[in-house]
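What follows is a short report on a single structure.
Derivation of every value follows stated rules applied to the coordinates shown; laboratory data play no part. Because the structure is a prediction, the values reported are computed rather than measured. Heads up, the Cβs are rebuilt from the backbone with ideal geometry, glycines too, and the neighbour counts pull from every protein chain shown.
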Amino acid sequence: MSEGPAGAARSSALRQRLLALLAGRLVLALAILAGALAVTAERAREGLSESERGLYATVVTSFVTAILCAAVQHRVRRLRAFAAAQLVFDVAVVTALVRFSGGADSFFAFLYVPITVYAALLFGRQGAYAASGLGALAYAGALTFEQGTGAGGLAIPDPVQLALWGTHAGALLIVALLASALSRERDRAGRALAERTRDLRSLRRLHERTVESLTSGLLTTDPGGAITSFNPEAERITGATEQEVLGLSLDGVIPGAAELVLESARGARKGRALLRFRNRAGQELHLGLAGSVLRADEESPGGYVVIFQDVTRVVEMEAQLRRHERLAGVGQLAADLAHEIRNPLAAISGSIQILESGSADGESDESLRLMRIVVRETDRLNALISDFLHYARPAPAKPEPVAIASALEDMRQIFESVRPPAVQLRVESPPDLRVMCDDRQLRQLLWNLYLNAIQAMPEGGSLVIRAEAPAAQAPAGDGRSSGPEGARERADGSRLAAIEVADTGTGIPPDVLERIFDPFFTTKEEGSGLGLATVHRIAEGNGGHVTVESAVGRGTRFRVLLPVPEAAR
Ligand SMILES: Nc1ncnc2c1ncn2[C@@H]1O[C@H](COP(=O)(O)OP(=O)(O)OP(=O)(O)O)[C@@H](O)[C@H]1O
Ligand SMILES: [Mg+2]
């Protein structure tokens, strides 16, 4: 028969009580034995009377039985029947003790009381009444037997003994009443406790699950700022496990967060902030944090709780939006103006060229030189305006499958022709990687990145241009991947190949890095600041994006991510 968990708990409690009963019986038997020995030691040499021998035999039997029961108990399956049998046996032992130690004069009659109490503990009310009834009957038997033998057979009960028996039976009944009430109360308290424990456990489980399934990082600290808990999302964002950070200071795990928490403690108990954070994998993330005081009671702070999220993508998108807005206003006006300037510029250039070609021999060298300057500068101005118009009003991209290896090889030959000798150039590409891109625009993009890299390495260095197929398994696909590597999967599910242009040049300081894709942003005397703006625009126009990583003094790495053709996905 299979027991439920409640049944199993009950039978293990019963087993424990039985063991206690056995232990009590052993101790009692030993005590009686020692007492009897002390009393009869004097007369031991003269030989023992029949009653004394009976007394010893009873005590020894009880002793041996208790040991045997203890030995077999763990193998017994019908525990309740086993317990009932022991109680009956105990009544018999006590009755024998009473019988052999003087019947009505015996003081062992009180032993019916503990049996009744134990029966109440083991079997509740019915057990208590049954044990007390059995005890009263057995006692009556002992008294009658004694009287019978003393007066030579069964006789009318002696009124004194009847009164004695009545007192005993009444006392046993009262004990049974009290013990069963007590045992009922105890059972009720036990049940209530078990219920509360169950409620508490399920409440704790609910709490744990809630914290675990939060999509925000959540940590708590003690009043000193040492971390006391760290949920799975917090582990994912920081790259550190709960085991590693428990007990560490908040600032040791998220630098700058402690100040925010202190601020919230001083102020309105709530603080929010945006922090830059480098996780264990080396990714630069933007974290949005909210901290508040966790109060144990009204006076003393129980610590702090900090909730945080990886908002890198949001911050990037905001920056992108700002960039677009900036261009939409001033840029559009400038584009119109540039377009208007082009026509008079063409007229000036054309007129000067006519003047130059039709000039008589007598024209001074000086005039010719000046005319050439005008032509050269108008050409330069025209090129700048063309570049700008190209950026501001690009021809719509016509994405087509482009074999990256051959496109990169073409570009390599062009790069080689203008490569400063101190710069090492390496180009790598998987042989049959294709991307969806406007071929002409792709070359323009590579050219801009190449020029920037060369310009960043005036003393020489190494330039690596490397194409990379889409990651075999798109990372998690939860739309949350971000950071320097950039997402390798777009929201629509298409996968992205990468073209990386990495130099060992001057690098870009963080405050400049934020602005390099802005149109007209340049740090160069001769620069227009349109190179990277164009790169950015081309990548986006072809369904991809650009990311950049840079370390001052060590170099810069641009990654252009472009979709691969449908069939290759
Ligand atoms: N590889 C690089 N290493 C260091 N700094 C770079 C690199 N690429 C770009 N930059 C920085 O970004 C700025 C903007 O670059 P961008 O190509 O848009 O304009 P530019 O190179 O200054 O001018 P243009 O390309 O129009 O001649 C540069 O002025 C430079 O400070
Ligand atoms: Mg440039």
**Message:** Quick one: the Cα spread of region 88-238 along its three principal axes, in angstroms, biggest first?
**Reply:** 97, 25, 23
**Item:** At 1.567 mPa s and 4 °C, Stokes D of region 400-568 from Kirkwood alpha-carbon radius, µm² per second
**Value:** 79
**Request:** Can you tell me the relative contact order of region 400-568? Whole percent, Cα pairs under 8 Å, sequence separation 6 or more.
**Result:** 25
**Request:** Can you tell me the FRET efficiency between ALA192 and LEU214 if r is taken as the Cβ-Cβ distance and R0 is 45 Å, rounded to the nearest 0.05?
**Result:** 0.85
**Request:** Quickly work out the SER351-to-ALA31 label distance, labels modelled 7 Å from Cα along the C-beta direction, and quote it in nm with one decimal.
**Result:** 13.1
**Request:** Give me the percent of Cα-Cα pairs in region 214-310 that sit more than 19 Å apart, rounded to a whole number.
**Result:** 34
**Asked** Taking Cα centroids, how far is region 360-421 from region 194-231 in Å?
**Response** 65
**Message:** With θ taken as phi - 60° and the coefficients 6.51, -1.76 and 1.60, list the Karplus ³J(HN,Hα) couplings across region 117-133 in order, rounded to whole Hz; mark glycine and proline as x.
**Reply:** 4, 5, 4, 5, 5, 7, 10, x, 4, 4, x, 4, 5, 4, 5, 5, x
**Asked** For region 227-241, what does the Karplus curve 6.51 cos²θ - 1.76 cosθ + 1.60, with θ = phi - 60°, yield as ³J(HN,Hα) per residue in whole Hz, taken in order and with x for Gly and Pro?
**Response** 5, 10, 7, 7, 7, x, 5, 4, 5, 5, 5, 7, x, 10, 8
**Prompt:** Whole number please: convex hull volume per residue of the Cα set in region 316-392, in Å³?
**Reply:** 82
**Fill in**
So, relative contact order of region 316-392 in percent, Cα under 8 Å, 6 or more apart, is 48
**Fill in**
If each K or R counts +1 and each D or E counts -1, the residues other than ALA189 whose Cβ falls under 13 Å of its Cβ total +2
**Request:** Tell me which residues come under 5 Å, amide H to amide H, from CYS437 once H is placed; ignore anything under 5 positions away on its chain.
**Result:** GLU400, VAL402
